[in-house]
Amino acid sequence: MYKNVFDTLEERGYFSQATHRDEIYELLSKPGVSFYIGFDPTADSLHVGHFVQMMVMSHMQKAGHRPIALMGGGTGMIGDPSGRTDMRQMMTVETIDHNVECFKKQMGKVVDFSDGKALIVNNADWLRNLNYIEFLREVGAHFSVNKMLTAECYKQRLEKGLSFLEFNYMLMQGYDFYYLHENYGCDLEFGGDDQWSNILAGMELVRRKKGDAVYGLTFTLLTNSEGKKMGKTAKGAVWLDPNKTPVYDFYQYWRNVDDADVIKCMKLLTFIEMDEINEYAKLEGSAINEAKKRLAYEVTKIIHGEEQADIAKRTAEEIFESAGRSEDMKTTEITSEELKGELQLADVLVKTGLMKSKGEGRRMIAQHGVYLNDAVVEDQFYVLSESDFDANGEAIIRKGKKNYHRIKIAG
């Protein structure tokens, strides 16, 4: 018996708002629906916020529907004002095109794009060559400025100044829905909650120009129990690219989520069956760590593969169960010459990436937050010496409770 994917997505907590709940439920009751989600290429990697959208595409695909991942090579040249208090930085065409290619590779880890099972299209193909006067006549005529100004994405910006450039964004995204409906039979648009106004605009444009019924649905943004966006660390965003967020750091991010967020993340970011998740939800106290370990492993496996997930899991276990050491742990080399030149621990903290600046490192040391070979360091001007290293020329630095790093004398 076919299970409606709507039930699956609702049970796992993805949905937030639907334009026509009953009609969408009926639409998804049979396989074969083409739907799209847009991704503006504002960076050269997707981040964990995008991961929720990728998981939605995967669940839909497993139920027999066809995802269309829309790369914003055209809209990215303007920038979405939704959820922002300032104007986005303008990017060159070359940067946008490079970012699009990076997105394509990462999405393929979660969504199957073989044999037309899913499509990747780029709105640069139809937006960049538009004739502006024709566009105003064909599309702009169907938009009410009065109504647009009531949209949440514009209201927030009106106080500080909304450029005419950004004002066009809604028209562009609305046109995307119309174009995909016309050329790919796309009847459904998904997006984050911040895309609600843009989705409505696209639905209205299709209705006015074609008389066809299309629908929109938004899903929950990835937030913690306090309502703050997840996916941010002291070092910045948690990226899917291992060159921007190393696999071990990625694993540790999920291993260290708050107790209150672990079950929600399991539902949204893994394919663990709901019966098993409900069993994890019964855990209390320190037992919740078992759920966190499973979450970290599963999310890392989806994005970086089983082999890398195994290494990250093993490294974490060795570090925390074997006096802070592991063969696969992060390592930074220093030279004998550096060591002879009065190398301060604060400098090494910066070199390892544990701290952003020497001053920040000294403050952390002064607050007794830095350990060398498991002994707290109290002197913020501490200078490393050969006696700090073992017979293999290695020493272990720990920042706080969980950030371990090996330093090794090269050669």
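The values are calculated or read from the model by the stated rules, or taken from the named source; none is laboratory data. These numbers were taken from a predicted model, which means no experiment stands behind them. All Cβ positions, even for glycine, are placed from backbone atoms using ideal geometry, and neighbour counts span all protein chains on display.
Some observations on this one:
- Hits in region 203-228 - residues which are in a loop (DSSP other than H, G, I, E, B) and either among the charged types (D, E, K, R) or over 17 Å from G13 (Cα atoms) (or both): G211, D212, A213, V214, E226, K228
- Members of region 2-50 that are among the hydrophobic types (A, V, I, L, M, F, W, C) and without any contact (Cβ under 8 Å) to a residue 24 or more places away in the chain: F6
- For region 350-383, a tally of residues being outside any loop (DSSP other than H, G, I, E, B), under 12 Å from H405 (Cα atoms) and in contact with a His (Cβ under 9 Å, 6 or more places away or on another chain) returns 1.
- Listed by first and then second residue, the pairs linking a residue in region 191-215 that is assigned by TED's automatic domain parsing to the domain that holds D40 to a residue that is buried (at least 23 other Cβ atoms within 10 Å of the Cβ) and among the charged types (D, E, K, R), with Cβ atoms under 8 Å apart and 6 or more places separating them unless they lie on different chains, are I199/E189; G202/D176; G202/E189; M203/E189; V214/E189; Y215/E189.
- Tally, over region 216-246, of residues that are in contact (Cβ under 8 Å) with a residue 24 or more places away in the chain, surrounded by 19 or more Cβ atoms within 10 Å (Cβ to Cβ) and either over 18 Å from L268 (Cα atoms) or touching a Lys or Arg at 6+ places or on another chain (Cβ under 9 Å) (or both): 5
- In region 362-411, of all residues being charged (D, E, K, R), in contact with a Gly (Cβ under 7 Å, 6 or more places away or on another chain) and on the phi < 0 side of the Ramachandran plot, the one that is surrounded by the fewest Cβ atoms within 10 Å (Cβ to Cβ) corresponds to K408.
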